[in-house]
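The values are calculated or read from the model by the stated rules, or taken from the named source; none is laboratory data. From a predicted model like this one, the values you see are computed outputs, not experimental measurements. Reconstructed Cβ throughout: ideal geometry from the backbone, glycine too, with neighbour counts over all protein chains shown. These accessible areas exclude ligands, DNA and RNA; they are computed on the full protein's heavy atoms, side chains included. Shrake-Rupley method; radii C 1.70, N 1.55, O 1.52, S 1.80 Å.
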Amino acid sequence: MKHPLTPSLPDAQTQISRRALLIRAGSAVWISSILLGCGTPASNGAGSTTQSASPSAPLSPTPTAVPPDPNLLFTYKGHSAEVYIVAWAPDSTRLASAGRDQTVQVWDARNGSNPYIYKGHSDRITALDWSHHGDRIVSGSRDGTAQVWNAQTGKLLITYNGHEGEVLTAAWSPGDTHIASAGVDSTVQIWNSQTGKLFTSYKGHSDAVTVVSWSPDGKHITSSSLDKTVQVWDAQHGTHLFTYTGHSDAVNSVAWSHDGKHIASCGQDKTAQVWNAQDGSSPVLYTEHTATVDALSWSSDSTLLASGSYDRTVQVWNALTGSRLY
């Protein structure tokens, strides 16, 4: 079964936000009380900068007056087309959402107020990540660029043009000094988040790279791909360390545990798998889903995983035993 964002190749699998479990319905984003309780000058290449574009005027969305569910706080309706990805700010006070309407919208997570729209891209947006300090956002698009911009004002800071084709994933390094991005060109590229200068490039995959995830110490990166592999490599030199081959079909997502000991992956073989981050050994297979598994999120203590699937369920399970909790 193909991802709804990618009806055919070369448009490859694209990520769904793993920082929040949000219900998507058309161009609206629904926020529940359970979720809230849990908690840039443009570059004309890799490095040089030019004058930035200004953000557009704010929207004035009207939250749903009477929520149909007691846990629903409001519905944000600022988008004009499908919403593909949503990401929480590190302090949980704001949300950024993006999708087919080519915009990123940043708004108050408590009530949907005070939004602004970022319109730097010329095609759908499929990658979105806040810096750990919450001051910048990186977005990736089918227009082939990754863009870094000010999370407060929407001012464009850098446009990275190193990829050939759609950028499906982008992630900040733990110290926010670098960004790793990847997409349909099968490469993972690490570049300076201040200048846009390419630092190193990894070319170990033979098909589109769907998701990249940094190790907590920032020394390594793991990347999932449509080539059915997950690969772990050195972030400093771009050298390959090992390849995990436990999946029998395309791998849609990968996530490093917060304690750095394990890596979780999932894909079109309907499984989620957890394995040793040092060498790929001792895999735990989770097989409760009945369709493609597309999203993963670790609990803060690295003991539980939540997995989202095309079978329309989110399941929570023990990452060390594979036993389902609910």
ask   = From the backbone phi of segment 204-220, what are the Karplus-calculated ³J(HN,Hα) couplings (6.51 cos²θ - 1.76 cosθ + 1.60, θ = phi - 60°) in whole Hz, Gly and Pro given as x?
value = x, 8, 10, 8, 3, 9, 8, 8, 10, 9, 7, 5, x, 8, x, 8, 9
note = Amide H neighbours of Leu128 at under 5 Å, excluding residues fewer than 5 places away on the same chain, with H built from the backbone geometry, are Gly140, Ala170
ask   = Sorted by packing (mean other beta-carbon atoms within 10 Å per residue), highest first, where do 317-326, 226-235, 298-307 land?
value = 226-235, 298-307, 317-326
note = In whole µm²/s, the translational diffusion coefficient that Stokes-Einstein assigns to segment 193-278, given a Kirkwood hydrodynamic radius over C-alpha pairs, 10 °C and 1.306 mPa s, equals 122
key: Within-12-Å neighbourhood charge of Asp185 [Cβ basis; K, R +1; D, E -1]   = -2
message = Whole-Hz ³J(HN,Hα) for each residue in segment 225-236, computed from phi via Karplus 6.51 cos²θ - 1.76 cosθ + 1.60 with θ = phi - 60°, x for glycine and proline: what do you get?
response = 8, 5, 7, 6, 10, 10, 10, 10, 8, 7, 6, 6
remark   = Taking Lys and Arg as +1 and Asp and Glu as -1, residues besides Asn111 with C-beta under 15 Å from its C-beta add up to +2
ask   = Using a cut-off of 12 Å between alpha-carbon atoms, which aspartates and glutamates can reach Lys219, once sequence neighbours fewer than 8 places away in the same chain are excluded?
value = Asp234
ask   = Ignoring any ligand, DNA or RNA, what whole percent of the accessible area of segment 161-312 comes from carbon and sulfur when the probe is 1.4 angstrom?
value = 46
message = Can you give me the accessible area per residue for segment 140-218, using a 1.4 Å probe, in Å²?
response = 32
remark   = Kirkwood calc, segment 253-326, C-alpha pairs only, radius in angstrom 11.8
remark   = Per the Kirkwood formula over distinct C-alpha pairs, the hydrodynamic radius of segment 85-128 in angstrom is 10.6
request  = Could you please report the charge total around Lys261, scoring K, R as +1 and D, E as -1 over all other residues with beta-carbon less than 15 angstrom from its beta-carbon?
outcome  = -3
task = Return the subset of Lys203/Lys270; Lys228/Lys261; Lys155/Lys228; Lys155/Lys270; Lys119/Lys197; Lys119/Lys261 for which the Cα-Cα distance in this structure is over 32 Å, preserving the input order.
result = Lys155/Lys228; Lys155/Lys270; Lys119/Lys261
ask   = Ordered by packing density, taken as the mean number of other Cβ atoms within 10 Å over each peptide's residues, highest first, how do 92-101, 211-220, 138-147 rank?
value = 138-147, 92-101, 211-220
request  = For Ser113 and Thr290, calculate 0.36 nm times their separation in residues minus their Cα-Cα distance, and state this gained length in nm to one decimal.
outcome  = 59.9 nm
query = Out of residues 5 or more away from Val211 or on other chains, whose amide H comes under 5 Å of its own, with H placed 1.01 Å from N in the peptide plane?
reply = Ser224
ask   = Size of segment 78-214 along its principal axes in angstrom, Cα-based, largest extent first?
value = 44, 31, 22
